[in-house]
1. Taking the stretch A:217-258 as the search range and keeping residues that are out of contact with any Ser or Thr (no Cβ under 6 Å at 6 or more places or on another chain) and of a type in the set (A, V, I, L, M, F, W, C), which one is farthest from the other protein chains (Cβ to nearest Cβ)?
2. Could you list, in sequence order, all residues of the stretch A:377-389 that are of a type outside the set (Ser, Thr, Tyr) and either within 24 Å of residue A:269 (Cα to Cα) or within 10 Å of chain B (Cβ to nearest Cβ) (or both)?
3. Among what's in the stretch A:377-386 and is touching a residue at least 40 places away in the same chain (Cβ under 8 Å) and outside any strand (DSSP E or B), pick the residue that is surrounded by the most Cβ atoms within 10 Å (Cβ to Cβ).
4. Only residues that are within 30 Å of residue A:381 (Cα to Cα) and assigned to a strand (DSSP E or B): list them for the stretch A:256-303, please.
5. Given the structure, is residue A:124 without any contact (Cβ under 8 Å) to a residue 40 or more places away in the chain and β-branched (Val, Ile, Thr)?
6. Consider only pairs whose beta carbons are under 8 Å apart and that are at least six residues apart or on different chains; among these, list those whose first residue lies in the stretch A:78-97 and is touching a residue at least 40 places away in the same chain (Cβ under 8 Å) and whose second residue is of a type in the set (Lys, Arg).
7. Of everything in the stretch B:228-268, what is surrounded by 20 or more Cβ atoms within 10 Å (Cβ to Cβ) and closer than 19 Å to residue B:199 by Cβ? Give them in sequence order.
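The values are calculated or read from the model by the stated rules, or taken from the named source; none is laboratory data. These numbers come from a predicted model, not from an experiment. All Cβ positions, even for glycine, are placed from backbone atoms using ideal geometry, and neighbour counts span all protein chains on display.
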Amino acid sequence: MKIIERFFKTITKPKFVITLIILTLIATFIGVMVPQVSDKSPSYFEEWKLKSPKTFYIVNLLQLNRVYTSAWFLALVFIILLALGYSLYQQIKRNIKKREFAPPAAADWDFIDTETVIEQESLIRFMRGRRYFLKNRSDDVLVFSKNSINRWGGVIFHSGLFLIIIAALVGLAFQKRGFVQVMEGEVFSGMHEDFLVKDLGALQQRFDVGFKTRLYKFNHEYWETGQIKDISSSVNIIDKDVKTKEKTINVNSPLKYNGINIYQSFDYGYALTFVLKRPDGSETVTHFLLDRPDRRTKPFVGSTDFPQTPYIFRMKFYPDISMNSYYLGRPILYLEVFTGNNMIFKGLVIPGDMMDIEGNKVKFEDVRHWSGLIYVKGVDMSIAYIGFFISCIGASIIFLLPYKEIFMSHKGSMLSLYGRTNRYKPLFAEEMEKIKEELSEQ
Amino acid sequence: MNSELQIIFNWIAIGFYIVSTVFFAYSVSFQKEKTLKPAILLALIGLIPHAIAIAIRWKITGHGPYMAKYEVLSSNAWITVLLFIIAAWRIPRLRPAGVIVMPLSFLMMAFGLFMSPEIRRLPPSLRSIWLIIHVIFNKLAAGAIIIALGTSMLYLLKEKRQESDFYKKLPSLDVLDAYSYKFIGFGFIFWSITIAAGAIWANEAWGRYWGWDPIETWSLITWLLYGLYLHARYFLKWQGRRAAWLMVVCFVFSVLTIFIIPFVVESLHSEYFR
C-alpha cells in the first residue's frame with residue numbers, strides 16, 4: 001500500500017510532471033522526424049531495410065517508426081493519465097477541505113494613514129466597486145477576495161485533459177476504421193477482407209460493416225482555378241437484401257447508418273477496365289484505379305501488373321483529349337505494356353479499342369469514376385468533446401482570472417493592508433499600490 | 001481592378017507600418033518617449049487600409065482570409081497589430097514592444113504579397129463552422145504570442161541597459177516578465193481552443209479527431225512547449241531571463257508550426273498555406 005502511495009506521490013511531483021511533458025515532447029518530435037508506418041507505404045520500409053539494415057533494425061526494435069501505437073508511448077500516456085488522475089484527486093481534496101483562515105505575519109502588512117477613520121462598511125463598498133467580495137470578517141480584520149473560482153481552474157483544466165486521454169485510449173482500443181475504393185455501379189460487400197486499408201483498435205479483430213454499399217454515382221466539381229469545389233458519392237445501402245433509398249455522402253457530412261459513419265475521402269479518380277482474351281478463349285477482367293492528379297493539365301497515371309499475366313501496364317490517362325479537364329469527355333490513354341524491362345506495346349488508345357499483345361486480345365473496355373469511402377464504427381466521441389470544452393474553460397479560469405486576496409485592518413486612521421495572489425504578482429503589487437493611493441485620498 | 005486595389009491598400013498599410021516601426025525604433029534606440037504616440041497612431045491608421053484590403057479580398061474570393069499564404073499572413077498581421085494597439089492603449093507602458101511587433105507584422109504582410117497573392121478557392125473540407133472558430137483562435141493565439149515575444153525581448157533589452165533613462169521609464173523587469181506570462185497565458189488558451197476546434201472539425205470531416213497529421217503533431221508540440229513554460233513558471237519558479245529565453249524558443253516553434261511546416265511537409269493542412 002505504501003509503495004503505491006509513494007508511486008503516486010512521485011508521479012505527481014512537479015519535476016516529474018515536467019519530465020512527463022518533456023518526454024511527450026520528445027516522443028511527438030520523434031513521430032514527426034522518423035517516417036511512420038501509418039504515413040508511408042510498406043515498400044518504403046522494405047527499401048529502408050535493404051539500404052541501411054542496422055538503422056532500420058534499431059528503429060524497428062524501439063518502435064520509433066510507429067511511435068503513437070508503440071508500447072513505450074502507450075505506457076507514457078498511461079503514466080500521464082495516472083498522474084493526472086491522482087493530481088486531480090489531490091486538488092479536489094484540497095479544494096473541498098475548508099480552508100483555515102490564515103492571517104499574514106505582522107511584518108508583511110503595509111500601513112497607510114487615511115487621516116480620517118474609514119468605516120468597515122465604506123471599505124466593503126469600496127472593494128465591491130473593484131469586484132472584490134468580502135470573504136471573512138472579524139472585529140478588526142476584513143478579508144476580500146476576487147476570482148475565487150480560480151482554485152477550481154486547475155481541476156477543470158486537468159479534468160478536461162483526463163477525459164481527452166481516456167477518449168483517446170478508448171479509441172485506440174475499440175475503434176474500427178476502414179478505407180475502400182468503390183467504382184460506380186459496383187457494390188462494396190462490407191466484409192473485413194474487402195477493405196483496402198484497415199485501422200483497428202488493439203482489442204478489435206474484425207470490421208464487418210453489416211451491410212453492402214453500392215456506389216450509384218460519383219460527383220466532382222471544380223472552381224475555375226482547378227481546385228476542388230465539391231465531391232460527393234451517391235450510394236444505395238443494401239441491408240439484408242432490402243435496398244434503401246439513395247443517399248449522398250458529402251465531405252463534412254457523413255452518412256450514418258446502423259452505427260457506422262461513412263465519410264467521403266479525398267481520394268478518387270477514374271477506373272479503367274481492361275479485358276484480356278487469350279487464344280484459348282479464357283478471359284481476365286481487371287480494373288486499374290488511377291488517382292486524380294493535383295492539376296487538371298496533368299494525366300491520371302498508374303503503373304501496375306495485369307493480374308494472371310506477366311504484363312506491366314504503364315498508363316497516362318486524360319479524361320478529355322483537350323488535356324485540360326477532370327471531367328470525362330473524349331478520353332484518351334497513352335499505354336505502355338512491359339514484360340520485365342521489354343516494352344511490347346505502346347500507343348494511344350480510347351475506350352472500345354482492341355490491342356494485340358503477344359497474341360492476346362486486350363480490350364480497353366470502359367472508364368468509370370471510383371470514389372474513396374471511409375467506414376468508421378467509432379466509439380462515442382462525446383467524452384473527447386466534453387474534455388476539449390472543459391479544458392479550454394479551465395485554462396481560461398487559470399490564466400484570465402487569477403485569485404486575489406486582500407486583508408484590511410484599521411485602528412483609528414491607520415489602515416493596514418496585505419494582499420496576495422497566485423499569478424502575475426508584480427501586476428497585483430501595482431494594483432495594491434493603486435488601492436492604497438485611492439484609500440489614502442478618501 | 002478590385003484585385004489591384006487590394007494590393008495597393010496592402011502596400012499603403014505596409015507603408016504606415018514601416019513608418020510606425022521607424023518611430024518605434026527611433027524611440028527605443030535614442031530613448032525618446034515622445035515618438036511612441038505617433039508610432040501607435042501610425043499603426044492605428046495603417047489598420048484602416050489593411051482592413052479595406054482584407055475586405056476587398058474577402059469579397060473577391062467569397063471566403064474569409066484563411067486560404068493561401070497571402071491571406072493567412074495578412075490577416076494574422078492585422079489581428080496582431082489590433083491586439084497590440086489594444087494592449088498599448090490599456091497598458092501604455094507596453095508601447096515600446098511595438099519595436100518587435102510592428103516589423104514582424106509588416107514583414108508577414110510583405111512576405112505574403114511576394115509569395116502568392118493569387119486567389120485560391122475553398123476546398124469542400126474547409127466549409128465548416130469549426131474552421132471559422134479554428135482560424136479565429138489561431139490568429140488570436142499568433143497575436144498574443146507575438147506580443148509576449150515583444151515583452152520578453154523588452155525584458156532582455158532592459159536587463160542589459162538598466163541604467164538608461166529611457167529603459168527606466170519602461171515597466172520594471174518584474175512587470176515586463178509578468179506581462180509576458182500573462183500574454184503567454186492568453187496564447188495558451190487560444191492555442192488550446194484552436195486545437196480543440198480543429199479536432200472536432202477533423203472528426204466531422206474524416207471520422208477521427210486526431211490523425212497525427214504533421215501539422216497537428218507540430219501544433220501539439222508547440223502546445224506542450226507552452227505548457228512546459230507555464231509549468232516551469234508555476235512549479236520551478238522560472239522567471240526573468242530564463243523565462244524570456246524559453247519564450248523565444250516557444251515563439252520559434254510557433255513560427256515553425258504555423259508558417260514553415262506547411263511549406264515543407266505534405267499534410268491535410270497544407271492546403272491553407274499553398
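1. A:242
2. A:377, A:378, A:381, A:384, A:387, A:388, A:389
3. By that ranking, first place goes to A:384.
4. Once the filter is applied, which keeps residues that are within 30 Å of residue A:381 (Cα to Cα) and assigned to a strand (DSSP E or B), the stretch A:256-303 yields A:256, A:257, A:260, A:261, A:262, A:263, A:264, A:265, A:266, A:267, A:268.
5. yes
6. These pairs meet every condition: A:95/A:151.
7. Hits for the stretch B:228-268 are B:254, B:257, B:258, B:261, B:262.
Residue by residue, here is whether (1) surrounded by 13 or more Cβ atoms within 10 Å (Cβ to Cβ); (2) more than 10 Å from every other protein chain (Cβ to nearest Cβ) holds:
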{"site": "A:19", "(1), (2)": "no, yes"}
{"site": "A:24", "(1), (2)": "yes, no"}
{"site": "A:29", "(1), (2)": "yes, no"}
{"site": "A:35", "(1), (2)": "yes, yes"}
{"site": "A:54", "(1), (2)": "no, yes"}
